[in-house]
1. Would you pull out the residues with amide H under 5 Å of residue 34's amide H, same chain only if 5 or more places away, H placed 1.01 Å from N?
2. Using r as the Cβ-Cβ distance of residue 102 and residue 199, and R0 as 41 Å, what FRET efficiency do you calculate, to the nearest 0.05?
3. What number comes out for the charge environment of residue 149, summing +1 per Lys or Arg and -1 per Asp or Glu over other residues with Cβ under 12 Å away?
4. Relative contact order, percent, of the range 3-174 when contacts are C-alpha pairs under 8 Å separated by at least 6 residues?
5. Arrange the peptides 41-48, 10-17, 102-109 so that the one whose residues have, on average, the most other Cβ atoms within 10 Å appears first.
6. How large is ³J(HN,Hα) for each residue in the range 104-110, as worked out from phi by the Karplus curve 6.51 cos²θ - 1.76 cosθ + 1.60 (θ = phi - 60°), to whole Hz, x for Gly and Pro?
7. Could you tell me which of 11, 45, 99 has its Cα farthest along the dipole of the range 10-169 towards the positive end, charges placed at Cβ (Lys, Arg +1; Asp, Glu -1), taken about the Cα centre?
8. So, R0 is 25 Å and r is the distance between the beta-carbons of residue 54 and residue 130; what FRET efficiency does that work out to, to 0.05?
Amino acid sequence: MEFQFMQVDIPEEKSFSVQVQQYDTSSVIHMHKNYELNFVTSGSGKRIVGNHISSFDSNDLILIGPNLLHHRELSETEKNIPLECLILYISESLINRDLIQIKELEAIHDLFNRAKSGVAFKGDSVKLIKQQMLQLAELQGSDGFIALLILLKSLTEIEEKEILSLAPEFTVSHYKDLDQIKIIYNYVLLNIQDTITLDAVSGLLN
């Protein structure tokens with residue numbers, strides 16, 4: 001399994017971009033400098049966010065911060081069902097601007113801080129977020145920016161959340177030997193349904 005730093009294309013005149021992406025066997029573990037809100041419209045499998053690995057189904061919704069490794073892998077039993085995601089990319093520069101730092105948007109700013117570890121949202125409210133993402137894709141200018149703030153406010157109001165990665169930031173730069181990390185990820189993905197012991201993982205590296 002390969003690692004890749006991905007370049008996300010956000011138009012210069014916008015601070016966000018909404019895209020539909022399909023994952024296949026060529027998809028790789030990657031990271032980028034933008035924030036990413038990722039909603040699974042179809043498919044199921046395993047997802048990696050930092051050092052967190054778990055299963056997912058359709059309607060899975062996660063928020064990922066900059067430079068955080070992540071990946072979705074389609075389940076072997078559902079290769080005939082395409083893994084498709086609706087993705088909102090948000091420019092990192094937007095979050096660093098004074099406007100987002102104001103007191104009235106404190107809850108949104110706190111949400112982005114949590115995104116550095118990855119956040120999963122659960123419950124019926126995630127379907128509302130999907131609709132807001134689709135609407136956002138059609139908007140431009142100030143209408144788009146206002147709709148983005150409304151969407152982010154909706155995320156802060158979802159009570160059922162899970163912080164995914166134990167480390168605040170889990171990036172490739174933390175590791176001296178990427179080949180060893182690839183070995184560990186591949187082993188965990190193949191054995192996620194079984195008991196994984198520290199001795200077994202250590203044995204792979206010796």
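Bear in mind that the values in this text are calculations on the coordinates, not laboratory data. Since we're looking at a predicted model, the values are computed, not measured. So basically every Cβ, Gly included, is an ideal-geometry build from the backbone, and we count neighbours across all protein chains shown.
1. When sequence neighbours closer than 5 places are left aside, the close amide H contacts are 67.
2. Step by step, r from the Cβ atoms, then E = 0.20.
3. -1
4. 27 percent
5. On the way: 41-48: 19.2, 10-17: 14.4, 102-109: 12.2.
Ranking the peptides 41-48, 10-17, 102-109 by packing returns 41-48, 10-17, 102-109.
6. In residue order, the calculated couplings are 5, 10, 4, 5, 5, 4, 5 Hz.
7. The residue sitting farthest along the positive end of the dipole is 45.
8. So the FRET efficiency works out to roughly 0.80.
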